[in-house]
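For reference, the structure discussed in these notes is given below.
Laboratory data are not the source of any read-out in this text; all were calculated from the coordinates shown. Given the structure is predicted, the values throughout are model-derived calculations rather than measurements. Note that we place each Cβ from the backbone using ideal geometry, even for glycine, and neighbour counts take in every protein chain shown.
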Amino acid sequence: MPKRLIVVCLINFLIAALLGLALRYSYLGNIALDYRFLTHAHSHVAMLGWVYLMLFTLITHYFIPDNKRIFNRLFWVTQIAVIGMLFSFSFQGYAAISITFSTLHIFCSYYFTYLIWKHHKIKALYTKYLLKAALLFMVLSTFGVWCLGPAVAILGSASAFYKIAIQFFLHFQFNGWFLIGVIAVLFHMFKIEDSKKVQYFFKLLIAATVLTFALSIHWFTPHFILPYINGLGTLLQLVMLYFLIKILHPKITNVVKNQSKLVVYLYCFSMFCFVLKIGVQLLGLLPEFSELAYTRRNLVIGFIHLLMLGVITGFLFSFILQNSVQYVSKSLYFGVSVFIIGFILTEVLLVIQGFNFYFGNGLFPNYYLLLFIFSAFLPLGVSLILFNIFKVKNYGT
């Protein structure tokens with residue numbers, strides 16, 4: 001993989017992590033920036049500068065055998081959009097400039113989808129289906145963005161339509177484009193061949209992705225049928241997980257034999273987070289827990305980070321290191337370990353505080369200070385990973 005593109009993606013991730021750290025610090029002192037504006041900058045850089053561009057790089061590297069010059073140019077145009085969103089969201093929030101750069105990013109993503117559809121070369125049929133499904137979900141998710149303007153103009157930003165449009169974008173970005181895109185790359189890395197199990201897995205994954213959006217609708221326009229639709233989607237996810245484990249299990253020996261322990265640990269960590277994510281969604285079938293998860297912001301943030309930092313970023317780190325870094329240094333081990341420890345500690349603290357609020361116990365002692373300290377582990381870990389990638393001369397060979 002092109003080293004300079006990996007470095008850019010990791011720098012974007014580092015910036016997003018530092019913005020997240022600034023948001024944590026805002027509860028302890030003055031950050032001189034609007035909290036809401038900084039939140040928008042943090043989320044857009046994390047999603048579109050880190051995950052999107054990292055998937056862009058991986059998909060281009062593994063599934064496009066030639067004609068990569070046009071993809072390289074598109075990468076840099078997309079990165080310009082990310083930089084524009086970073087500064088405009090930080091200082092203005094949603095305004096003309098930030099909306100312009102966001103729109104540029106969307107059009108870049110449409111062109112990327114067209115190019116991948118036209119030029120990809122994939123032997124395994126269902127790996128190809130996974131990639132195409134991920135791209136379709138990415139395009140589909142942007143329909144939610146296009147609905148925001150009419151929603152505000154007609155019904156206002158407090159309307160259910162506006163909030164559902166945002167959830168539509170987020171759901172199909174996270175669970176559609178990001179997650180399925182990662183799985184497509186995972187299947188390529190593990191050399192998964194077509195089979196009945198893979199066919200069942202694919203169909204269950206797509207169905208579950210669509211059906212579980214019902215929960216987001218139910219939050220803003222409650223209807224008795226929506227929890228049942230979400231419940232069906234969540235149960236299908238459980239069956240899908242069973243097939244995924246059956247598919248990956250025969251390949252584990254080769255991965256353990258041919259990869260460094262660090263890559264193996266990252267794969268195990270990512271899979272554990274994936275199982276935990278589905279477990280949390282199963283708990284969400286209980287009405288009491290569903291209401292708790294929705295009404296407690298700590299738990300919502302914890303779940304988003306579980307998916308973004310645990311599952312998706314865990315797999316992305318695995319892909320970056322697999323077959324690319326010939327020698328795993330102590331500082332790289334330390335960097336990955338620091339990141340994972342920071343992730344675990346912040347998740348545990350968010351969950352404890354969420355339940356504290358639920359039971360009326362108030363703030364956990366030194367909650368905001370501890371959350372800031374634990375969150376500092378994330379940019380530190382990313383910095384060490386970035387440093388190791390940057391200094392490896394034979395990276396990607």
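Figures for the structure shown
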| item | result |
| --- | --- |
| Neighbour-count order for His120, His44, His223, fewest beta carbons within 10 angstrom listed first | His223, His120, His44 |
| Mean separation of Cα contacts under 8 Å, 6 or more apart, over the residue count of the chain: relative contact order % | 17 |
| Neighbour-count ranking [beta-carbon atoms within 10 angstrom, fewest first] of Thr295, Thr60, Thr39 | Thr295, Thr39, Thr60 |
| Percentage relative contact order, the stretch 259-397, counting C-alpha pairs under 8 Å, at least six apart | 30 |
| Electrostatic dipole magnitude of the stretch 122-258 [Cβ: Lys, Arg +1; Asp, Glu -1; Cα centre; debye, to 20] | 520 |
| Expected 222 nm ellipticity per residue - DSSP helices of 4 or more, -39500 (n - 2.57), all of the chain, to 500 | -25500 deg cm²/dmol |
| Charged-residue dipole, Cβ positions (Lys, Arg, Asp, Glu), the chain about Cα centre, Debye nearest 20 | 1300 |
| Distant alpha-carbon pairs in the stretch 122-258 (separation over 25 angstrom), percent | 36 |
| Under 19 Å from Lys277, Cα to Cα: lysines that are on another chain or at least 8 residues apart | Lys246 |
| Distance violations [Cα-Cα > 19 Å] among Lys197/Lys251; Lys132/Lys203; Lys3/Lys68; Lys3/Lys391; Lys191/Lys391; Lys128/Lys191 | Lys191/Lys391 |
| Sequence ranges 7-15, 368-376, 334-342, ranked by mean other-Cβ count within 10 angstrom, highest first | 7-15, 334-342, 368-376 |
